[in-house]
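Everything below concerns the one structure shown next.
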Amino acid sequence: MFNMTNFKKYLAELVGTFTLVLIGAGTVIANFASRGKVGLLGIALAFGFVVMVMVYVFGRISGAHLNPAVTIALFLKKKINFQDSVLYVIFQNLGAVLAGLVLLFSFGSSDLVAQGVTVLGENISLFQGVAIESFLTFFLMMAILSFVDQESEIIIGAAVIGVTISMDILFGGVLTGASMNPARTFGPALVAGVWNNHWIYWVGPILGAAVAVCISKIWKK
């Protein structure tokens, strides 16, 4: 049933994902606009820090999924019901689109916003793209599941998840953009009108997160 308690969770997912995309994709755009002054390390730290903060702020409200792939994986793990999972994904994508619009307003050009869209690196095939996004999201999901299963202190979980995201971006940033998150790619893509191999950034992360859930069940046995 849709009530105020549920709405607070959905709103948390919207605001959390909005902030993730605004700061994360915004840093990528700023790096392009400044001709590389931010650097890959700066981008990785920006994503890691913003997710760390959002998990700490919203973790007790919605679980701070901030990512449709994470939500779908936790639905498969029966940590969230079907209605919540669908509405989480809707609100996550809505937050990402709103962030894309704010980025358009801030930078004043859809061409600049396009620089914040994740695309495949040079000589990276479609298969490699799916595989890389799957592996990166697998690592992220394993970090999330270790936090969920062990019921760790939220500050510890936030730190581990943030560091994992930074680690993934340092490796995969130049290969696929290291999205690991369909909403993170969808918001800027919709605003900028850039859909290059967009499906990869849904299939790869969802596949990687789902595999992580399957493997976590084996380890728990």
*asked:* Please report the net charge: other residues with Cβ closer than 10 Å to the Cβ of Gln92, K and R +1, D and E -1.
replied: 0
*As a check on your grasp of the helix formula, calculate [θ] at 222 nm for the chain: sum -39500 (n - 2.57) over DSSP H runs of n ≥ 4, divide by the residue count, round to the nearest 500.*
-26500 deg cm²/dmol
*asked:* Using Cα springs under 10 Å in a Gaussian network model of the chain, which residue among Ala25, Ala178, Ala143 shows the largest mean-square fluctuation?
replied: Ala143
*Does anyone have the angle between helix 126-150 and the longest principal axis of the chain? Alpha-carbon axes, 0 to 90°, nearest 10?*
40
*Helix 39-62 axis, angle to the chain major axis (alpha carbon atoms, nearest 10°)*: 30
_the chain: radius of gyration over Cα atoms, expressed as a fraction of 2.2 N^0.38 Å_ = 0.94
_How big is the dipole moment of the chain about its Cα centre under a simple scheme where the beta carbon of each Lys and Arg is +1, that of each Asp and Glu is -1, and everything else is neutral? Debye, nearest 20, please._
380
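Please rank Lys8, Lys77, fewest neighbouring Cβ atoms within 10 Å first, as an exposure proxy. Working shown, then result.
Numbers: Lys8 13, Lys77 19.
Neighbour counts put them in this order, fewest first: Lys8, Lys77.
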*For the chain, compute the number of Lys pairs whose alpha carbons are separated by less than 28 Å, excluding pairs fewer than 8 positions apart on the same chain.*
16
*Which number do you get for Rg(Cα) / (2.2 N^0.38 Å) in the range 157-221?*
1.29
*Residue order, fewest to most beta carbons within 10 Å, for Trp195, Trp202*: Trp195, Trp202
*Return the whole-Å distance between the Cα centroid of the range 83-118 and the Cα centroid of the range 168-221.*
15
*R0 = 25 Å: FRET efficiency of Arg35 with Val57, Cβ-based, nearest 0.05?*
0.15
*asked:* Just want the answer: with Cβ charges of +1 for Lys and Arg and -1 for Asp and Glu, which residue in Leu112, Phe171, Asn3 is farthest toward the dipole's positive end in the chain?
replied: Asn3
*Arrange Met52, Met180 by Cβ neighbour counts within 10 Å, fewest through most, would you?*
Met52, Met180
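What's the magnitude of the charge dipole for the range 91-221 around its Cα centre, counting Lys and Arg as +1 and Asp and Glu as -1 at the beta-carbon? Answer in Debye, nearest 20.
So the magnitude is around 280 debye.
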*Total formal charge among the other residues, if their Cβ is under 14 angstrom from that of Thr17, Lys/Arg +1 and Asp/Glu -1*: +1
_Estimated inter-spin distance, Asn3 and Ile155, nm [label 7 Å along Cα→Cβ]_ = 3.3
*Do me a favour and compute the ellipsoid semi-axes for the range 99-165 from its Cα gyration tensor, root of five times each eigenvalue, largest one first, whole Å.*
30, 21, 7
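Every read-out reported here was derived from the displayed coordinates using simple, explicitly stated rules and does not represent laboratory data. A quick note: this is a predicted structure, and the numbers were derived from the prediction, not measured. All Cβ positions, even for glycine, are placed from backbone atoms using ideal geometry, and neighbour counts span all protein chains on display.
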